[in-house]
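Take a look at the structure set out below.
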Amino acid sequence: MVHSVRVKGGRASYANSYIKTARLQQEKEAQKPMFLKMGDLHGTRGLLLVLLDKAKAVVGSILTGEGTGTANTSLVYHARRLLALHEGDLPYMLRVLCNGVVETVGRLTLKDGNAAYPGPFTAHPKLDPKTGEMFFFGYSFDAKPYFRAGMVAASGEVSRQWVIDVPYPVMAHDCGMTEKYAVLLHLPLCFDPKQLAMGDNLPVVFKPNKRARIGLLCRDMPGCGCDVENPNAKPAPVQWFELPAFFAFHTANAWEDEDGRVHLVLCTYPKFDFDFEKKHKCEVPDDLKPRLVHYVMDPASGTHASHQVSGVHCDFPMVNPAHACYTTRYAWGATWGLSGIAKAAYPLCLLPGAEDDGFLLVYVYDPTLDTSTMNVYDAKTMDPEPLARVRLPRRVPHGFHTLFMTEKQLQAQTPPRLH
Ligand SMILES: [Fe+2]
């Protein structure tokens with residue numbers, strides 16, 4: 001479900017609507033859940049459900065040709081299209097109507113000449129505000145290539161596709177982009193189906209003995225076209241930096257400095273366990289909580305360094321989107337337990353002007369009262385008293401990611417066009 005607040009002429013209105021994914025349509029027709037959810041993938045029951053899901057696809061009782069994603073992770077606006085994203089599928093194109101209601105246009109075909117990018121497509125593509133390009137990647141657990149990536153031009157067409165050679169499949173949620181490079185994260189949250197058979201575990205497991213790998217791919221590297229599906233396609237050259245194991249869901253930003261070094265700020269988990277609370281029945285210890293870490297990689301020497309930006313436990317970081325892919329000094333993130341917002345400053349000599357001159361828009365959900373508001377905070381002062389508060393007529397439960405669209409973007413949306 002996408003929740004939208006439209007602010008216009010000093011008034012706010014709220015709407016919500018389901019994104020009409022192929023999966024939802026089938027489940028609505030059947031009047032029952034038909035597809036596996038992440039939460040189902042536990043233990044031997046999960047293993048049986050995976051096998052059953054495959055069997056259902058084979059006998060045609062569920063149709064997977066139009067994707068099985070939930071389009072519920074994140075939103076991006078690019079090439080006059082509002083897209084709802086889920087890392088297991090292609091984007092769904094949405095359209096915000098003048099009254100703020102969001103309607104589903106359909107599952108997007110990302111055209112690459114006469115062919116198309118087959119998917120999947122990350123929930124966190126990166127937009128270059130100067131060139132209008134969008135970098136994306138997709139990962140696969142069960143077949144090579146385990147990583148593929150590409151660039152969507154400002155026109156909305158795929159301009160390059162790459163096969164990325166990685167040694168084993170991992171879950172990869174986010175990436176980065178600088179003026180010159182795409183930044184890939186191959187972190188050791190590994191797909192391990194044996195976990196299902198070994199007990200009540202998820203089939204992804206953090207492997208602390210493996211290395212965390214950050215890869216730099218030159219953005220202007222020629223692509224391999226629609227050969228991206230071919231397991232024997234020539235992989236793109238990537239310079240990998242190997243570090244002690246860590247996991248990260250989200251990057252805040254990446255950029256290059258005058259000396260050609262690449263900076264990457266991301267929320268790092270020193271160790272990671274999806275099932276910790278369930279297994280140990282206690283509060284997650286600090287070394288399993290994320291902190292903002294600043295990595296600096298030197299492509300010329302192959303060396304790297306890192307330091308912790310702040311001791312505050314936070315995730316879901318954001319920077320000012322007008323400065324994304326270029327030098328930033330500030331990031332804002334949700335503190336652990338979604339209890340607040342933290343603003344972090346990295347020590348930089350260069351101080352970009354007015355980077356924090358803006359507002360933070362936050363859906364605040366009070367689970368005790370089951371009510372929600374949309375609050376507006378001053379991003380510069382971080383005054384805890386909101387500048388404005390919109391009381392919403394329905395609860396908006398804790399979700400993942402949000403997007404602010406300008407009036408100009410709303411007006412510029414492409415008219416509905418399927419495929
Ligand atoms: Fe995310």
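The values are calculated or read from the model by the stated rules, or taken from the named source; none is laboratory data. Because the structure is predicted, anything quoted here is derived from the model rather than measured. Because the Cβ atoms are built from the backbone with ideal geometry, glycine has one as well, and the counts that use them run over all protein chains shown. With ligands, DNA and RNA removed, areas are computed over all heavy atoms of the protein, side chains included. Shrake-Rupley method; radii C 1.70, N 1.55, O 1.52, S 1.80 Å.
Brief remarks follow.
- Qualifying residue in segment 161-178 (condition: touching a residue at least 24 places away in the same chain (Cβ under 8 Å), open to solvent by 10 Å² or more (accessible area, probe 1.4 Å) and over 22 Å from residue 88 (Cβ atoms)): no
Okay, residues lined up against (1) hydrophobic (A, V, I, L, M, F, W, C); (2) within 16 Å of the ligand (Cβ to nearest atom):
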| position | (1), (2) |
| --- | --- |
| 256 | no, no |
| 272 | yes, yes |
| 308 | no, no |
| 321 | no, yes |
| 324 | yes, yes |
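- Under the condition of being of a type in the set (A, V, I, L, M) and surrounded by fewer than 19 Cβ atoms within 10 Å (Cβ to Cβ), the residues counted in segment 223-244 number 1.
- Scanning segment 314-330 for residues that are open to solvent by less than 30 Å² (accessible area, probe 1.4 Å) and over 30 Å from residue 237 (Cβ atoms) turns up 314, 315.
- Per-region count, segment 65-79, residues within 13 Å of the ligand (Cβ to nearest atom) and under 19 Å from residue 410 (Cβ atoms): 3
- Subset of segment 72-99 [assigned to a loop (DSSP other than H, G, I, E, B), open to solvent by 10 Å² or more (accessible area, probe 1.4 Å) and not hydrophobic (A, V, I, L, M, F, W, C)]: 72, 73, 80, 86, 87, 88, 99
- Considering 356, 370, 383, the condition of being surrounded by 15 or more Cβ atoms within 10 Å (Cβ to Cβ) and not aliphatic (A, V, I, L, M) is satisfied by 356 alone.
A quick yes/no check of all residues on (1) farther than 19 Å from residue 207 by Cβ; (2) within 22 Å of the chain's Cα centre (by Cα); (3) of a type in the set (Gly, Ala, Ser):
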| residue | (1), (2), (3) |
| --- | --- |
| 245 | no, yes, yes |
| 251 | yes, yes, no |
| 269 | no, yes, no |
| 273 | no, yes, no |
| 290 | no, yes, no |
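- Output for segment 123-152, where each listed residue is aromatic (Phe, Trp, Tyr), within 16 Å of the ligand (Cβ to nearest atom) and open to solvent by 20 Å² or more (accessible area, probe 1.4 Å): 139
- Condition met for residue 336 (over 27 Å from residue 241 (Cβ atoms) and surrounded by 14 or more Cβ atoms within 10 Å (Cβ to Cβ)): yes
- The criterion of being away from the ligand (no atom under 16 Å from the Cβ) and not in a loop (DSSP other than H, G, I, E, B) does not hold for residue 155.
- Subset of segment 22-71 that is on the phi > 0 side of the Ramachandran plot and at pLDDT 65 or above - its residue that is most open to solvent (accessible area, probe 1.4 Å): 31
- Residues that are touching a helix residue (DSSP H, G or I) at 6+ places or on another chain (Cβ under 9 Å), among the aliphatic types (A, V, I, L, M) and either in contact (Cβ under 8 Å) with a residue 60 or more places away in the chain or closer than 19 Å to residue 73 by Cα (or both) within segment 10-38 comprise just one, 36.
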